[in-house]
Amino acid sequence: MIVGYILWGQDNGSDMFSDSDTLMEVRKCSKCGFRVDYRQMNNLFRIKRKAYHLSFTYDNIAISSLRFKEFCNRNNYRNVLFKERERSPGFYQLLIQDSTIPFSARLIEDYCHACGQYRTVVGPKADTEAFELPLVDGSYQSDLLFGGRMGKHDNPLTPVFIVSPVTKGKLHCEGFRNLIFEPIEK
Ligand SMILES: [Zn+2]
C-alpha cells in the first residue's frame with residue numbers, strides 16, 4: 001500500500017537569507033552557530049528563478065507560486081499557509097501547520113544542548129506502522145526536521161512535505177510539472 005508521497009520541488013536559485021539582501025539578522029544559536037528557525041522570513045527576499053510552482057531556496061525554504069496557492073485554497077487545504085514578501089509578488093513562503101507524520105532519520109548526529117537541535121539529520125523515512133489506510137486528501141509534514149549542515153551551507157533544519165495519493169492525483173490533473181514524488185510504502 002502507498003500511504004502517501006514525499007513531495008520535493010526544484011531549486012529556485014535564491015537564498016531566503018543572503019548577506020546583501022536583508023535588514024534583519026537571521027536567528028542563530030549562540031553556541032553551535034546554526035540557524036534555529038526555518039519559519040523566519042526575510043522581508044527583502046527576492047526569488048530569482050520563477051519558473052516553478054513549488055520550489056526550494058538554497059537554504060531549503062519552500063516557495064509556492066500564486067497558482068499553487070490557489071490550488072490549495074480551492075481544495076480547502078487549510079493547514080497550508082502562504083506568506084508573501086513584497087519583492088517577490090506572486091510567490092509565497094509555504095508553511096504547513098501541525099498535520100505531522102512520524103519520521104525517523106538514517107543518520108542523526110551532533111546534538112547542541114543550547115538550541116536543542118542536531119547539526120545533521122539526514123535520510124528521512126516515514127514510520128508507517130500506525131497507518132491502516134492511505135492518508136486522506138491534503139498536505140502533511142514530518143515531525144522531525146531534516147538537514148545536513150556543513151560549515152558554509154547555512155541552512156536551518158526543515159520538515160519534509162508529504163501529500164496523500166489523492167492529492168498527488170489532483171496535482172497531476174492540474175498540470176503541475178517539475179514536482180518529484182517519492183512513494184511512502186507500507
Ligand atoms: Zn545550538
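The values are calculated or read from the model by the stated rules, or taken from the named source; none is laboratory data. This is a predicted model, so every value here is computed, not measured. Don't worry about glycine lacking a Cβ; one is built from the backbone with ideal geometry, like all the others, and counts go over all protein chains shown.
Results, tabulated for the structure shown:
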{"item": "The one condition in (1) farther than 29 Å from GLU185 by Cα; (2) of a type outside the set (A, V, I, L, M); (3) assigned to a loop (DSSP other than H, G, I, E, B) that LYS83 fails to fulfil", "result": "(3)"}
{"item": "Hey, VAL166 in contact (Cβ under 8 Å) with a residue 40 or more places away in the chain and not in a loop (DSSP other than H, G, I, E, B) or not", "result": "no"}
{"item": "Matching residues, the range 100-120, being in contact with a Gly (Cβ under 7 Å, 6 or more places away or on another chain) and either of a type in the set (Ser, Thr, Tyr) or not in a strand (DSSP E or B) (or both)", "result": "THR120"}
{"item": "Of residues in the range 26-78 being within 16 Å of the ligand (Cβ to nearest atom) and among the hydroxyl-bearing types (Ser, Thr, Tyr), the one nearest to ILE6 (Cα to Cα)", "result": "TYR38"}
{"item": "Residue tally, condition surrounded by 14 or more Cβ atoms within 10 Å (Cβ to Cβ) and modelled with pLDDT of 95 or more, over the range 84-101", "result": "9"}
{"item": "Single condition PRO159 does not satisfy, out of (1) closer than 29 Å to LYS48 by Cα; (2) more than 16 Å from the ligand (Cβ to nearest atom); (3) without any contact (Cβ under 8 Å) to a residue 60 or more places away in the chain", "result": "(3)"}
{"item": "Condition broken by TYR5, with the remaining ones in (1) part of a strand (DSSP E or B); (2) within 16 Å of the ligand (Cβ to nearest atom); (3) among the aromatic types (Phe, Trp, Tyr) satisfied", "result": "(2)"}
{"item": "Qualifying residues in the range 118-148 (those that are under 17 Å from the mean Cα position of the chain (by Cα) and among the polar types (S, T, N, Q)) - the one farthest from GLY4 (Cα to Cα)", "result": "THR120"}
{"item": "Test: VAL136 is β-branched (Val, Ile, Thr) and within 16 Å of the ligand (Cβ to nearest atom)", "result": "no"}
